[in-house]
Structure formats: C-alpha cells, structure tokens
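Q: Next up is a structure, given as structure tokens.
The values are calculated or read from the model by the stated rules, or taken from the named source; none is laboratory data. What you see is a predicted model; the values in this text were computed from it and never measured. With ideal geometry, Cβ positions are generated from the backbone for all residues, glycine too; neighbour counts draw on all protein chains shown.
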Amino acid sequence: MQARSAARETRELVAIRLRGDCPVCRRNDLLQSVSFEAIPFSCNSLHPDADSAIAAPTGQFVLAFCRSCEHFFNAAFEDGRIGYTQNYENSLHFSPRFVAFVEDLAGRLSTAYALDGKLLVDIGCGKGDFLKRLCSTSGARGIGFDRSFEDNRGEAVASVEFINDWFGDAYPDVKPDFVSCRHVLEHIANPIAFLQELRAHPGVGPDTVFYIEVPNALYTLRDMGIWDLIYEHVSYFTPHSLRVAMETAGFEVLDQGASYGDQYLFIEAKPGEPRVVTPFSKSEKIDALVDRFDRTYRDKVAWWRDYLSNRDPERTVVWGAGSKGITFVNIVPEGARIGALVDVNPHKQGRFAPGTGTPVVGPESLRGKPLQSIVVMNPLYRDEVVQAAHKLGLSAEIIVA
Ligand SMILES: [Zn+2]
C-alpha cells in the first residue's frame with residue numbers, strides 16, 4: 001500500500017510539470033489529446049523474467065498538439081528516464097516486408113546521392129542492419145554510431161565499422177558525405193538542439209547530405225495507430241513540423257516525403273543558412289483529426305476490452321512484440337491476461353514484456369495450440385501472419401488491432 005501511494009504522488013508531481021510550449025516551434029498554442037496514466041518507460045527493452053518485467057518502471061503520457069506547427073508530443077515526458085542499453089531491441093530486419101523496404105531505400109539513396117566510394121555515418125544505427133545494407137548496395141564506406149550497438153549478429157561488411165558512442169565532437173576526423181539518422185529524432189526531448197548540434201559537428205561540411213526518417217504522426221492520427229504512442233517517443237512529427245524543425249535548425253531541405261505504406265516520413269537536407277522560420281500551419285483539418293483521434297481512441301480501447309472479455313484472453317496471442325504490441329497489452333483492459341506476444345525475431349523470444357510481463361514466443365511454439373484469436377499489430381504484416389498461421393495449422397481468428 002505504501003509503495004502504491006508513493007507511486008501516485010510521483011504521478012501527481014509529474015502532472016504538474018506538463019510542458020507548456022512546443023519542442024519544435026516553442027509556441028504555446030497547444031491542444032491536449034489522449035493520455036495514459038502509466039506506460040513502460042522502455043517498450044523495446046524486454047526482460048529476462050516475468051517478475052522484473054512486471055516491476056519495470058512506468059511513466060505518464062499526455063499527448064499535446066501544437067496548432068502552430070502541427071507537432072505532437074508527450075507533454076509529460078521526463079528526460080533521462082530511459083536507458084538505451086544493449087537490451088534495447090527494435091530491429092525489424094527479420095520481416096520480409098521490412099527488408100524489401102530497406103532494399104528499395106538503399107537503392108534509391110545510393111543512386112540519388114552517388115554514394116559509391118563515399119563515407120556514410122549512421123547515427124543511432126541500432127544493430128547496424130540498415131548501414132550494412134546501404135554500404136553493400138552503394139559501395140560506400142560506413143561508420144555506425146550507437147551506444148546500444150552490439151556486435152552479436154549478422155555478417156560483417158568489410159567497409160563498415162561501428163562505434164559504441166554518440167557522434168559528438170570527440171570524432172572531428174570523421175567527415176561524412178552522407179549522414180543517416182533513422183528513428184532517432186522522435187526520441188529526443190529537444191529535437192532542435194539535437195539537429196543544431198549535428199549541423200555544427202566539426203566533420204560536417206556544406207555538402208554533407210542528411211537523411212532523417214521518423215514515424216509519420218498523420219498516419220497515427222488518420223489510421224488510428226494509437227498503439228504507436230509509446231513513452232520512448234517524445235515527438236510525433238507531421239510533414240509540416242518535421243520541415244519546421246529542420247529549417248529552424250539551419251538546414252536546407254532537398255526532398256521530403258512519406259514511405260513504408262505512409263507510416264514513415266523522411267526528409268533529405270544539407271546545411272543551409274540559419275533563418276527565421278514561420279511555423280504556421282496551413283492545414284485546418286488537423287483540429288478535426290485530433291478530435292476524431294480522441295474519440296476513436298476511447299472507442300477502440302473499449303472495443304478491445306469487450307472483445308477480450310467475451311473470449312479467453314489466455315487463448316489469444318498478439319503478433320508483434322515491438323512497441324505496438326507492448327503498448328496494446330499495457331493499455332487495453334484485460335491485455336495483461338493475453339497468453340503471449342509472438343515475434344519472428346529470435347532475439348526477442350524467451351523474454352518478457354515490460355509492464356504486463358507477457359512472454360514473447362516464436363511462431364513455432366504455437367503449433368497445435370487451441371488458439372482463439374491472433375491479434376496482428378501492423379496491418380502491413382497481415383498476409384505474412386495469415387501464411388504463417390496456415391503453415392502452423394492454426395484455425396484462430398486473425399484480426400488487425
Ligand atoms: Zn509547434
């Protein structure tokens with residue numbers, strides 16, 4: 001009881017410290033949207049046993065929307081609470097659908113920026129899969145920077161090296177022609193300062209090209225991707241707020257668009273002259289989207305609560321132990337009773353989800369199980385799951401979350 005009331009006091013304290021200005025444009029014309037009392041700080045850090053997974057620390061999530069630059073962010077985010085260690089596992093490179101996306105991207109970038117023979121730096125390279133692919137496709141040399149890099153898998157690519165560190169001033173002799181930074185910016189409490197630092201790095205020249213990729217907040221809103229809201233993501237960029245962020249930090253935008261079935265945004269830029277950016281959004285549709293998102297969020301959570309309570313949650317599995325799956329089991333009432341999270345990534349299997357302690361298993365372990373339902377977290381993987389379930393002889397209902 002003591003511990004529980006202490007936890008409540010902590011949460012109340014957090015609620016007082018909600019951020020009142022936008023981390024991109026610094027204005028304060030904000031709308032408040034959905035909020036969660038407690039979600040795990042670190043969705044992608046799976047635990048070795050159920051007890052430590054259940055004891056994983058959680059934080060408050062309050063989605064705020066900036067009407068000036070169309071940016072979304074967690075106004076309750078506390079910087080420094082998440083440790084990105086080697087337990088941090090978010091690689092998607094075990095899915096054929098994702099591998100095809102990365103191959104296309106590597107091909108396009110190596111042609112567009114003539115990367116053959118050049119030096120590439122990948123910031124927040126994770127396990128290094130993307131950089132290796134980009135270098136082997138283009139014939140470039142690469143250096144990956146990531147504090148969570150772990151040299152434990154995959155074939156080494158001779159022209160690629162990895163440094164367990166941040167790409168900071170300690171590396172003035174690393175002078176990249178091309179810098180990629182995928183799915184990092186949304187984790188940073190102060191994205192503008194982060195981008196300014198990159199631009200000012202002593203190794204960055206006037207012709208260094210930057211490729212920045214983040215999840216697309218408009219996809220989250222339009223397609224009700226509420227399972228994409230996770231504590232690790234402070235920011236949810238829209239095309240407009242991503243552009244405002246880059247220009248405010250002193251970049252000249254070369255190209256911008258959406259990819260991966262509209263789920264990602266990318267922006268390509270090079271250092272430009274510092275300028276004053278007018279953040280004002282031109283879209284009037286966003287207020288309506290936010291409003292609809294709020295209502296649909298509540299309806300969707302209630303729908304899943306009813307769905308699970310009319311079935312046996314223990315005979316239900318969630319396919320995909322990435323952030324969406326972890327958010328799902330933590331947010332939906334009864335979600336903690338779900339039998340397992342299924343994932344094709346062998347590095348996740350045998351581990352446990354933070355918050356609920358749900359075990360993560362491989363598809364093969366489902367063979368012969370009397371499953372009622374398979375909840376698919378990402379609609380892009382539905383066909384893959386249908387095929388896998390067929391091969392395993394499962395007759396469960398397959399339903400997208
Ligand atoms: Zn803003």
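Q: Here are some residues: V290, V276, V318. Which one is at pLDDT below 95 and either assigned to a strand (DSSP E or B) or farther than 21 Å from V214 by Cβ (or both)?
A: After ruling out the rest, the residue left standing is V276.
Q: Counting only residues that are of a type in the set (G, A, S) and within 22 Å of I82 (Cβ to Cβ), which one in the range 127-149 is modelled with the lowest pLDDT?
A: Filtering the range 127-149 for residues that are of a type in the set (G, A, S) and within 22 Å of I82 (Cβ to Cβ), the one modelled with the lowest pLDDT comes out as S148.
Q: Select from the range 166-182 the residues that are surrounded by 18 or more Cβ atoms within 10 Å (Cβ to Cβ), closer than 12 Å to G124 by Cα and without any contact (Cβ under 8 Å) to a residue 60 or more places away in the chain and list them in ascending order.
A: F167, V179, C181
Q: Please state which one of I212, I163, I230, I226 is surrounded by fewer than 21 Cβ atoms within 10 Å (Cβ to Cβ) and either under 17 Å from the mean Cα position of the chain (by Cα) or at negative phi (or both).
A: On inspection, the qualifying residue turns out to be I163.
Q: Only one of (1) out of contact with any Asp or Glu (no Cβ under 6 Å at 6 or more places or on another chain); (2) surrounded by 23 or more Cβ atoms within 10 Å (Cβ to Cβ); (3) within 18 Å of I39 (Cα to Cα) is not met by A321, so which one is it?
A: The one condition A321 does not meet is (1).
Q: From the set of residues in the range 241-261 that are in a helix (DSSP H, G or I) and touching a helix residue (DSSP H, G or I) at 6+ places or on another chain (Cβ under 9 Å), which is farthest from V400 (Cα to Cα)?
A: Step by step, filter the range 241-261, then rank; the result is T248.
Each row is one residue, and each column tells you yes or no for (1) among the polar types (S, T, N, Q); (2) modelled with pLDDT of 95 or more.
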{"site": "P333", "(1), (2)": "no, no"}
{"site": "A336", "(1), (2)": "no, no"}
{"site": "L341", "(1), (2)": "no, yes"}
{"site": "V361", "(1), (2)": "no, yes"}
{"site": "E364", "(1), (2)": "no, yes"}
{"site": "Q372", "(1), (2)": "yes, yes"}
{"site": "R382", "(1), (2)": "no, no"}
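Q: Considering each residue of the range 262-279, count those that are more than 15 Å from the chain's Cα centre (by Cα), surrounded by fewer than 21 Cβ atoms within 10 Å (Cβ to Cβ) and either within 16 Å of the ligand (Cβ to nearest atom) or in contact (Cβ under 8 Å) with a residue 40 or more places away in the chain (or both), and give that number.
A: Taking the range 262-279 first, the residues more than 15 Å from the chain's Cα centre (by Cα) are 267-279.
Retained after the next criterion (residues that are surrounded by fewer than 21 Cβ atoms within 10 Å (Cβ to Cβ)): 270-278.
Keeping just the survivors that are either within 16 Å of the ligand (Cβ to nearest atom) or in contact (Cβ under 8 Å) with a residue 40 or more places away in the chain (or both) gives 270-271, 276-278.
Number satisfying all stated conditions: 5.
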